[in-house]
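What follows is a short report on a single structure.
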Amino acid sequence: MTSITPATPSTDRILAGVALMLGFCVTAPLLDVSAKLASNSIPVGQITAARFVVQCALMAPFVWLMGLSLRVARGQWTALLVRAVLLLVSTFCFIAAIRVMPLADALAIAFVAPFIVLLVGKFYLGEDVGLRRVGASIAGFVGVLCVIQPSFAAFGTVALFPLGTAAGFAFYILVTRGLSRKLHPVALQFHTGLIASLLCIPVLMFAHDTASELFDAVLPEEIAWVWLLGVGFFATLSHMMMTYALSLAPSATLAPLQYFELPVATLLGYLVFRDFPNTLTLVGIAIIVGAGLYMIHRERVTARQLITERAAPPI
């Protein structure tokens with residue numbers, strides 16, 4: 001992304017960014033609802049492929065209308081491929097999970113992704129992360145265990161699938177950090193959709209007539225077409241809203257709002273599927289949200305300290 005954000009965004013830009021992030025929190029669970037409804041008659045692999053095919057089709061006209069270049073530097077293709085694979089795995093695991101699990105349970109487990117990003121940053125990338133934020137990450141994992149325990153008892157190993165989503169999305173975020181500075185978000189979304197589609201379609205073709213529960217594609221009937229289109233539409237819309245929100249307002253302002261997605265998913269899960277988290281799951285969700293908000297608070301404190309230190313006159 002080549003645009004330069006002012007050091008101190010205006011109030012109007014920040015409010016627009018907040019509105020877009022709240023829009024993300026409302027539309028992202030609609031993707032999950034569409035995927036769960038589609039999974040009643042359509043294999044998980046086909047739903048995953050539809051998510052990226054529709055994204056690619058929706059982004060193509062915007063690339064053309066905005067006059068964006070799709071040229072990619074030779075050294076960036078590997079990062080684009082890795083990014084697409086990570087999002088593909090993350091999406092597949094989550095759809096496989098919500099096929100049988102309540103939306104709120106699966107989403108709560110997937111919310112361990114920010115903690116994974118932090119720990120990878122500290123122990124693998126050598127980033128300066130304080131013990132308090134590491135402690136918050138550990139608390140977040142404890143919350144995830146509270147959610148997994150009843151889900152594992154009820155649904156078996158499928159309750160572990162959202163952990164695959166969390167791990168895939170965590171590394172997806174790390175790869176995106178570098179690419180987002182070099183490619184326009186619309187072009188980036190188009191490339192991701194195109195690469196993921198090219199990876200999915202051969203798998204579905206190879207699995208045709210194999211009776212594979214996860215990959216043997218079927219011809220959608222009636223309303224199932226709507227759910228498939230909904231998966232791709234809401235995925236594209238929500239991710240673009242989040243991308244532009246981050247270009248308008250500081251990430252420190254927007255990060256706490258992401259947790260609004262959990263109550264929205266809980267409400268939609270109850271209204272559409274009559275699913276509601278049990279007591280232990282609610283405790284786990286509360287721990288995850290609390291740990292995440294505390295970690296964001298510590299990041300703000302650290303950022304303010306760095307700004308103060310840099311502004312201090314030399315002795």
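The values are calculated or read from the model by the stated rules, or taken from the named source; none is laboratory data. Quick caveat, the model's predicted, so the values are computed rather than measured. Note that we place each Cβ from the backbone using ideal geometry, even for glycine, and neighbour counts take in every protein chain shown. What goes into the accessible areas is simple: the full protein's heavy atoms, side chains included, and nothing from ligands, DNA or RNA. Shrake-Rupley method; radii C 1.70, N 1.55, O 1.52, S 1.80 Å.
Counting protein heavy atoms only, the range 228-278 has 72 percent of its accessible area on carbon and sulfur, 1.4 angstrom probe. At an R0 of 51 angstrom, the distance between the Cβ atoms of ALA153 and ARG71 translates into a FRET efficiency of 0.50. Just report the Cα centroid separation between the range 149-163 and the range 214-237, whole Å. Spelled out, the Cα-based centre of one part sits 25 Å from the other.
Comparing mean-square fluctuations of PHE115, PHE155, PHE171 from a GNM of the chain with C-alpha springs under 10 Å, the top value falls on PHE155. Taking the Cα centre of the chain as origin and assigning +1 to Lys and Arg Cβ atoms and -1 to Asp and Glu Cβ atoms, the resulting dipole is close to 1060 debye.
Scanning the chain for trypsin sites (Lys or Arg not before Pro) in DSSP loops with at most 13 neighbouring Cβ atoms within 10 Å leaves 72-180 as the longest stretch between them. The simple spin-label model puts a point 7 Å past each Cα toward its Cβ; for PHE276 and ARG177 those points are separated by 4.1 nm. Here the Gaussian network model covers the chain, with springs between Cα atoms less than 10 Å apart; of ALA167, ALA207, ALA153, ALA153 fluctuates the most. Working from Cα pairs under 8 Å separated by at least six residues, relative contact order for the chain is 41 percent. Computed extension gain for VAL82 through ASN40, at 0.36 nm per residue and net of the alpha carbon distance, reaches 12.1 nm. Modelled spin-label separation between LEU160 and SER247, with each label point placed 7 Å from Cα along the Cα-to-Cβ direction: 4.1 nm.
Can you classify the chain as rounded, prolate or oblate using the Cα gyration tensor, where a ≥ b ≥ c are the square roots of its eigenvalues, rounded means a/c under 1.5, and otherwise it's prolate if a/b beats b/c and oblate if not? Oblate is the answer for the chain, as a/c is 1.5 or above yet b/c matches or exceeds a/b. By a 1.4 Å probe calculation restricted to protein chains, VAL175 has an accessible surface near 40 Å², given to the nearest 10. For the range 61-184, which whole-number percentage of the solvent-accessible area (1.4 Å probe, protein heavy atoms only) is attributable to carbon and sulfur atoms? Solvent-exposed carbon and sulfur of the range 61-184 make up 69 percent of the total. Surface analysis of the range 202-271 yields an accessible area of 55 Å² per residue, using protein heavy atoms and a 1.4 Å probe. Rounded if a/c is under 1.5, else prolate if a/b is larger than b/c, else oblate: which is the range 54-123, with a ≥ b ≥ c the root eigenvalues of its Cα gyration tensor? Cα axes put the range 54-123 in the oblate bin. Say we join alpha carbon atoms closer than 10 Å with springs in a Gaussian network model of the chain; which of LEU65, LEU198, LEU188 then has the biggest fluctuation? Highest fluctuation among the options: LEU65. Accessible surface area normalised per residue over the range 16-58 is 25 Å², counting heavy atoms of protein chains with a 1.4 Å rolling probe. In this calculation the C-beta distance from ALA211 to TRP64 is compared with R0 = 35 Å, giving a FRET efficiency of 0.30.
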